[in-house]
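Notes follow the structure.
The values are calculated or read from the model by the stated rules, or taken from the named source; none is laboratory data. Remember, it's a predicted structure, so these values are computed and weren't measured experimentally. Here Cβ is always computed from backbone atoms with ideal geometry, including for glycine, and neighbour counts include all displayed protein chains.
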There are 2 protein chains.
Amino acid sequence: MKWDAWGEPALATRLSDDIKALLLNVLGVSAADVDAPARDDVRLRDSTLTAADEHALAGVVGADYVSTRDADRLPHAGGKSTLDLLRRKGREPQDAPDAVVMPGNDAEITAVLHICTERGIAAVPFGGGTSVVGGVDPVRGRFHAVVALDLCRLRRFELDEVSLEATLGAGLPGPRAEELLAGRGYELGHYPQSFRFATIGGFAATRSSGQASSGYGRFDEMVTGLQVVTPAGVLDLGRAPGSAAGPDLRELFLGSEGVFGVITAVRLRVHPTPAARQYEAWMFPDFATGSAGVRAVAQEGAAPTVLRFSDEAETGITLALAGQTGSGCLAVAAFEGSPAHVAARHDATRAVLTNAGGVSLGADPAEAWERGRFDAPYLRDALLANGALCETLETATTWANLAALKDAVTQALQATLGTSLVMCHISHVYPTGASLYFTVVTALGDDPIDRWTAAKRAAGEAITAHKGTITHHHAVGIDHRPWMAQEVGELGVRVLRAVKQTLDPAGILNPDKLIP
Amino acid sequence: MKWDAWGEPALATRLSDDIKALLLNVLGVSAADVDAPARDDVRLRDSTLTAADEHALAGVVGADYVSTRDADRLPHAGGKSTLDLLRRKGREPQDAPDAVVMPGNDAEITAVLHICTERGIAAVPFGGGTSVVGGVDPVRGRFHAVVALDLCRLRRFELDEVSLEATLGAGLPGPRAEELLAGRGYELGHYPQSFRFATIGGFAATRSSGQASSGYGRFDEMVTGLQVVTPAGVLDLGRAPGSAAGPDLRELFLGSEGVFGVITAVRLRVHPTPAARQYEAWMFPDFATGSAGVRAVAQEGAAPTVLRFSDEAETGITLALAGQTGSGCLAVAAFEGSPAHVAARHDATRAVLTNAGGVSLGADPAEAWERGRFDAPYLRDALLANGALCETLETATTWANLAALKDAVTQALQATLGTSLVMCHISHVYPTGASLYFTVVTALGDDPIDRWTAAKRAAGEAITAHKGTITHHHAVGIDHRPWMAQEVGELGVRVLRAVKQTLDPAGILNPDKLIP
């Protein structure tokens, strides 16, 4: 992962001349002559970890697994939101954790949390570093230092082939987890856009949702058990596939973003590697018609593995990027499983969508979507380099409220940003509602950080005023914290604080995240 | 609901001569000449509610909705476990709430909780009174009185036909909720054995699971939102069909059994009234073969609406009750939905079960099961009247651990009780595991309460020692509380206590339930 952009340098993308012309014509922007520092020129704030602190931490994890070197601190300086990337282009000293600590097991984590509590050091659990909401920002809070608790050494892998359950270490990145499972003939099937870099622990801590959620469920729905190390002790949650033994405490730690404890292992439902895959895309005349169609698919239980539906603006850009023209709203679907199961669900989905007014485009557009499905963040980097600010935000609501919420958020963004492209798609469907995923492209302007901050605030206000959730799958971090009291109520916030006080009485874990 | 037995007097059942002969031959028991009091002869402990308490409560809900009369207190004296029924046959003064309070809306509940907090009165939220774990026992705790907070007046009904969501008042009994939905062409599809009497609020507060859980999910999976009135304020939870905005606080109140607050309304996923229904039963040679078959159904996603599988002992009794003979293990399945969807799932299930060694018995045994599916508690009453103690208990675990857990619980029960019938079935299936539902019939003996208490303790120890959950769908109440620390860990218990302290600092809500 690059420190100041997405992913791997070799996969960086360039904009076509057509897109460059579009940016110039619509937004008036072109290749920026950015005065950004090279990696070796970046200055970080000085580490405030004391030698005694470092000695104590090294006494637990070993000297090789504690580092205060800038080269190690920089990649742990935060996540990968557009604001993060813009901040990293600055020349002033940048925020970074005062050290990176890499514990090797639960006992070491317990000891590290004890040292942090005793010595007054904040600890930010760190997985793949792909947060787009400030979830891993190195915030010291009221402590004299903050360390990134990098969980990359937690690589446990166990598989129960009778129960179809895998136990995966929190530090396993998505591709490595799937590789281990594939070696035994199984798949998890969790493919968020961050898949190539994000980790099992991060998926759980943020309630991640993947592109195949229609078929395999959100990540939280796959979780059958969690191992959590907290300053107050260890929790081993999820005793049975179903239970009425009181509140489900797993659900307190799913989405807890490291503020209650460190998720160190996750037990997950897996399925056999799909034997068959089919794809199909449909074009609808407009968003209202197509969203009624995907709603019918979700409610009638046709159960495609992937189901996405783009509005007019996003469809237009998708076609333009592929060098095509046309109008309407594009739905793409994929079906995975046994050949018979795939065929049955494909037939059922086709019947529902055709009946709803969709015109089949065959498999090509859906296969094209799948090929590029992890690449959007690279496109964002290319846009930034061409003077265009690109960022995403997302929400969810009931089907009855979907159109009103979409309109309100779109208007809030456009009113704040002026001329801009606001695109939207339904990325995850449920029987009772769906998510809305917005992509915004606008001119960087003189102060892009200020510009996006204002737009994000307006979008958040529109979302909460129109009964959406402040985040469907990006989590809360710092960026969504202002809306948490509206999301769960002031009393809900008090409940979260009480849990925090019980498990992390000193407050060392991920300060200023999630809980207002 | 009868005060000292299950259900409606008109539906009481009688044992056939064959069954009576079986009881005499196997257990050595016959019709008991029970010296149980008539309803009018039952003596209750005196109400300790003061006139000032009653006046204050009446000031909120109106004098018509507060009662200290024995005739109102007796039906609120507890639930319907076999121990409950045995206790009610005693002649000593019986426990009962000191008053029954029937609030009409959330504001009244807020005010009642305020009065209870101020005056030191415990409050037990009360729905249908069908708890089999002591969940609604009138425990005063450290307070001078306890009231039953009967929620029968909370009958809200709203339906969003676009999003397929209904908002149902906590006091609606199962049949009334289904009747309201059916009038609009929809169904909830939650049919636990307590269905005819239990309420929407009770289903949520106990994580109830119905007989159609394979198709429609557990009750907690149907819940999209909860309204909860606590002494500290009101919570409105469940903002969107999917969210990453932190921990899912709904899951703290599902299964909370009234100890954190009073669930007053539940938002639920509904589906259209099924247009078609099909049934089929299969016989397997033994439990191992058949459980592998139902596991394959659950894991391959064939998705019958109902799927149950009885062991050899239960199958034998089922056949005997129907006047038939035979051996093996019976699986029954039902399929509901659109004709095409029903046919597809039926075909898929048939293929899997036949391949696993099942021999079809046609539809009759499955239809017979459905006709009698709410009647087992009546049979329990008839058995009690014939000298036989009958009780059930349940657990769940992974598929890999299922057989070992079943054997351990069976052995624990038989070792404690001596000669007895211990029957078991898989009542709910998941991809990763299943529930086990045990029915025990044994002689009442000289001290049936002591006898069952010992057996239940042995079963609970076997369940926790063999990695089962202490309850799959009966909830915790008083009876399962001794095992909660093993279920969620000492630290998990501390988390529950912290939530309790935040929402109900005086501790008036349902004392001594759920949380150790």
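Residue-level check: of (1) within 20 Å of A:A396 (Cα to Cα); (2) within 25 Å of the chain's Cα centre (by Cα), A:L249 misses just (1). Scanning segment B:408-423 for residues that are under 20 Å from B:D286 (Cβ atoms) and hydroxyl-bearing (S, T, Y) gives a single hit, B:T410.
Looking at segment B:461-492 only, could you name the residues that are in a loop (DSSP other than H, G, I, E, B) and either facing chain A (nearest Cβ under 8 Å) or more than 16 Å from B:D84 (Cβ to Cβ) (or both)? Quick ask: steps written out before the conclusion?
Kept after step one, since they are in a loop (DSSP other than H, G, I, E, B), are these residues of segment B:461-492: B:466-480.
Matches in segment B:461-492: B:H466, B:K467, B:G468, B:T469, B:I470, B:T471, B:H472, B:H473, B:H474, B:A475, B:V476, B:H480.
Would you mind listing the helices (runs of 4 or more DSSP H) fully within segment B:1-108 where at least 3 residues are at pLDDT 90 or above?
Values: elements: B:17-22, B:51-61, B:70-73, B:82-88.
Helices (runs of 4 or more DSSP H) meeting the threshold: B:51-61, B:70-73, B:82-88.
Candidates in segment B:501-516 are the residues that are farther than 20 Å from B:H472 by Cβ and facing chain A (nearest Cβ under 9 Å); of these, the one that is surrounded by the fewest Cβ atoms within 10 Å (Cβ to Cβ) is B:Q501.
Among the residues of segment A:401-458, write down those that are within 14 Å of chain B (Cβ to nearest Cβ) and without any contact (Cβ under 8 Å) to a residue 40 or more places away in the chain. Step through it out loud before you land on a result.
Pass one, segment A:401-458, residues within 14 Å of chain B (Cβ to nearest Cβ): A:401-406, A:409, A:426-437.
The answer is A:T432, A:G433.
Look through segment A:239-257, keep the residues that are within 25 Å of A:P125 (Cα to Cα) and in contact with a Leu (Cβ under 6 Å, 6 or more places away or on another chain), and return whichever of them is nearest to the other protein chains (Cβ to nearest Cβ). For segment A:239-257, the residue satisfying everything is A:L249. The residue that is nearest to B:D504 (Cα to Cα), among those in segment A:441-493 that are buried (at least 18 other Cβ atoms within 10 Å of the Cβ) and among the basic types (K, R), is A:R481.
Reported count of residues in segment A:213-227, each being in contact with a strand residue (DSSP E or B) (Cβ under 7 Å, 6 or more places away or on another chain) and not in a helix (DSSP H, G or I), is 5. Of all residues in segment B:216-227, those being facing another protein chain (nearest Cβ under 10 Å) and touching an Asp or Glu at 6+ places or on another chain (Cβ under 9 Å) number 3.
In the set (1) closer than 25 Å to B:I317 by Cβ; (2) surrounded by fewer than 13 Cβ atoms within 10 Å (Cβ to Cβ), the condition left unmet by B:V26 is number (2). Determine whether segment A:356-368 contains at least one residue that is away from every other protein chain (no Cβ under 14 Å), touching an Asp or Glu at 6+ places or on another chain (Cβ under 8 Å), part of a loop (DSSP other than H, G, I, E, B) and surrounded by fewer than 22 Cβ atoms within 10 Å (Cβ to Cβ). Yes: segment A:356-368 contains one or more residues that are away from every other protein chain (no Cβ under 14 Å), touching an Asp or Glu at 6+ places or on another chain (Cβ under 8 Å), part of a loop (DSSP other than H, G, I, E, B) and surrounded by fewer than 22 Cβ atoms within 10 Å (Cβ to Cβ). When B:R142 is tested against (1) in contact with an Asp or Glu (Cβ under 9 Å, 6 or more places away or on another chain); (2) of a type in the set (D, E, K, R); (3) more than 27 Å from A:E251 (Cα to Cα), exactly one condition is not met: (1). The single condition among (1) more than 10 Å from every other protein chain (Cβ to nearest Cβ); (2) surrounded by 21 or more Cβ atoms within 10 Å (Cβ to Cβ); (3) farther than 29 Å from A:K80 by Cβ that A:R184 does not satisfy is (2).
Output the residue which, of all residues in segment A:423-460 that are part of a loop (DSSP other than H, G, I, E, B) and of a type in the set (S, T, Y), is nearest to A:S209 (Cα to Cα).
Filtering segment A:423-460 down to residues part of a loop (DSSP other than H, G, I, E, B) leaves A:427-428, A:430-432, A:444-447.
Adding the requirement that they be of a type in the set (S, T, Y) leaves A:427, A:430, A:432.
On the way: A:S427: 9, A:Y430: 12, A:T432: 17 Å.
Among those that are part of a loop (DSSP other than H, G, I, E, B) and of a type in the set (S, T, Y), it is A:S427.
Residues in segment A:194-211 that are farther than 18 Å from A:D248 by Cα and either surrounded by fewer than 22 Cβ atoms within 10 Å (Cβ to Cβ) or within 11 Å of chain B (Cβ to nearest Cβ) (or both): A:F195, A:R196, A:F197, A:F203, A:S208, A:S209.
Right, A:K406: outside any loop (DSSP other than H, G, I, E, B), closer than 22 Å to B:T224 by Cα, modelled with pLDDT of 95 or more and among the charged types (D, E, K, R) or not? Spell out how you get there, then give the answer.
Details: outside any loop (DSSP other than H, G, I, E, B): yes; closer than 22 Å to B:T224 by Cα: yes; modelled with pLDDT of 95 or more: yes; among the charged types (D, E, K, R): yes.
It is true that A:K406 is outside any loop (DSSP other than H, G, I, E, B), closer than 22 Å to B:T224 by Cα, modelled with pLDDT of 95 or more and among the charged types (D, E, K, R).
In this structure, B:F197 does not satisfy being closer than 26 Å to B:G171 by Cβ and touching a Phe, Trp or Tyr at 6+ places or on another chain (Cβ under 7 Å). Any chance you could count how many residues in segment B:149-206 are under 15 Å from the mean Cα position of the chain (by Cα) and of a type outside the set (A, V, I, L, M)? Residues that pass the stated criteria total 15.
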